[in-house]
Amino acid sequence: MPALLLLVGLLVGLFTPRDVRPDAFLATAMVSAAALLPLWGTVFTGVGACGIFLGLMVDFDALRDATAYSELATLVAIAAFSVSFNRLLSRRAHQLLQVRSVAETAQLAVLHPIPRHLGHVTLESLYLAAAAEARIGGDLYEAIRTPHGVRLLIGDVRGKGLLAIQAAATLLSAFREAAHDAPDLPRLASRLETSMSRYSAQYPEVPGSEPTERFITALLAEIPDDEPVVRTVTCGHPPPLLLHRGEVRELHPAAPSPPLNLGNLVSDGYHVDLAPFHPGDQLLLYTDGVTETRDRCGAFYPLTDRIRSWSVEAPHQLLDHLHRDLIAYSGGALDDDLAALVARRRPRL
């Protein structure tokens with residue numbers, strides 16, 4: 001673009017009446033070079049623009065024209081400004097690169113990469129941030145192989161910002177520790193509830209919110225090694241989808257529990273739901289960012305209907321389809337972070 005603008009400026013100077021000045025094209029070339037090119041490209045564009053104008057002065061015998069010298073001085077000033085502006089943009093770009101690198105490191109510290117295989121279960125995960133610059137938010141997931149089988153967690157922290165990230169990190173740390181020791185899912189959920197209550201009590205003075213307003217919807221799943229079943233405990237989270245031979249079924253909880261950090265509001269224990277989970281079956285866990293994705297008309301994303309055509313795909317292919325379909329459905333404008341986790345039972349050898 002800067003080269004094209006210089007050429008247009010030269011042609012305007014050569015083939016139009018003398019009262020039509022090429023200054024605007026030459027100045028625009030220098031400013032665009034500052035935004036688009038590295039330092040030396042900006043310098044060469046500035047020298048080229050001033051050289052073109054000076055050459056036109058000589059060609060038209062305007063060396064004694066004070067107005068022409070004034071215009072040349074203006075172009076020199078714009079060239080100097082463009083070089084300074086280019087340096088400022090380069091420093092800001094470097095700072096942004098460093099910030100994004102730190103954010104990616106933080107994401108790896110909070111959301112560990114999910115292993116592709118845990119025992120007899122194949123896993124795949126998806127995380128999409130609503131903002132293109134974002135790398136981490138309040139959505140979370142984890143998968144751990146334990147003496148009780150493969151245990152899964154997916155959750156969504158209420159709110160955004162640093163407190164949401166801290167809450168997500170706290171829950172993931174508690175799950176990674178308690179998943180190995182808790183003998184069943186209700187006691188695992190109780191351990192997580194206790195951890196989140198303690199965490200929330202440490203931050204009672206957050207402006208505009210009470211500790212009980214800071215909660216996490218979560219779903220726990222357990223795939224035992226020796227039984228073709230999956231056990232789930234739902235804490236205010238969207239129900240998972242069971243994909244079985246092309247059929248899609250929502251595993252609605254018989255007795256859902258409140259989100260974590262709200263367990264003290266009810267006295268009932270955590271209820272375990274049981275569903276068959278045979279070799280080849282897949283379990284899709286997701287956050288509400290998936291089902292609350294809207295199209296241009298405001299309609300919610302019909303996850304159950306859309307996923308049916310991909311239900312027999314391998315986990316990574318299924319999530320690739322889901323990823324592309326969500327972007328297309330929303331027109332590339334996601335309103336919320338979203339996460340998804342697929343677990344597929346493999347035949348035991």
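The values are calculated or read from the model by the stated rules, or taken from the named source; none is laboratory data. Remember, predicted model here, so these are calculated numbers, not experimental data. Using ideal geometry, Cβ is built from the backbone for each residue, glycine included, and neighbour counts are taken over all protein chains shown.
Restricting to segment 252-271, and then to whatever is assigned to a loop (DSSP other than H, G, I, E, B) and among the small types (G, A, S), can you tell me which residue is surrounded by the fewest Cβ atoms within 10 Å (Cβ to Cβ)?
Here is the first cut: in segment 252-271, the ones assigned to a loop (DSSP other than H, G, I, E, B) are 252-256, 258-259, 261-262, 266-271.
Now restrict to residues that are among the small types (G, A, S): 254-255, 267, 269.
Values: A254: 10, A255: 12, S267: 6, G269: 13.
Once the filter is applied, the top-ranked residue is S267.
Modelled with pLDDT under 90, assigned to a helix (DSSP H, G or I) and of a type in the set (D, E): does that describe E133?
Details: modelled with pLDDT under 90: yes; assigned to a helix (DSSP H, G or I): no; of a type in the set (D, E): yes.
No.
Condition check ((1) outside any loop (DSSP other than H, G, I, E, B); (2) under 26 Å from W40 (Cβ atoms); (3) at pLDDT 70 or above) across all residues:
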position: L56; (1), (2), (3): yes, yes, yes
position: A62; (1), (2), (3): no, no, no
position: T67; (1), (2), (3): yes, no, yes
position: E71; (1), (2), (3): yes, yes, yes
position: T74; (1), (2), (3): yes, yes, yes
position: F81; (1), (2), (3): yes, yes, yes
position: L96; (1), (2), (3): yes, yes, yes
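Evaluate the following for L274: is it in the same structural domain as I216 (by TED's automatic domain parsing), touching a strand residue (DSSP E or B) at 6+ places or on another chain (Cβ under 8 Å) and buried (at least 17 other Cβ atoms within 10 Å of the Cβ)?
The answer is no for L274.
In this structure, does G298 turn out to be more than 18 Å from L326 (Cβ to Cβ) and part of a loop (DSSP other than H, G, I, E, B)?
Details: more than 18 Å from L326 (Cβ to Cβ): no; part of a loop (DSSP other than H, G, I, E, B): yes.
So G298 fails the test.
Can we say A333 is part of a loop (DSSP other than H, G, I, E, B) and within 15 Å of the chain's Cα centre (by Cα)? Lay out the reasoning, then the answer.
Numbers: part of a loop (DSSP other than H, G, I, E, B): yes; within 15 Å of the chain's Cα centre (by Cα): yes.
Criteria met by A333.
For segment 1-53, enumerate the residues that are outside any helix (DSSP H, G or I), among the hydrophobic types (A, V, I, L, M, F, W, C) and over 21 Å from L88 (Cα atoms). Lay out the reasoning, then the answer.
Initial filter on segment 1-53 (outside any helix (DSSP H, G or I)): 1, 16-22, 37-38.
Now restrict to residues that are among the hydrophobic types (A, V, I, L, M, F, W, C): 1, 20, 37.
Correct list: V20 only.
What pairs come up if the first residue lies in segment 287-308 and is touching a residue at least 60 places away in the same chain (Cβ under 8 Å), the second is part of a strand (DSSP E or B) and loosely packed, with under 14 Cβ neighbours inside 10 Å, and their beta carbons are under 9 Å apart, counting only those six or more places apart or on different chains?
Within 9 Å, the pairs are T304/R249; T304/E250; R308/E247.
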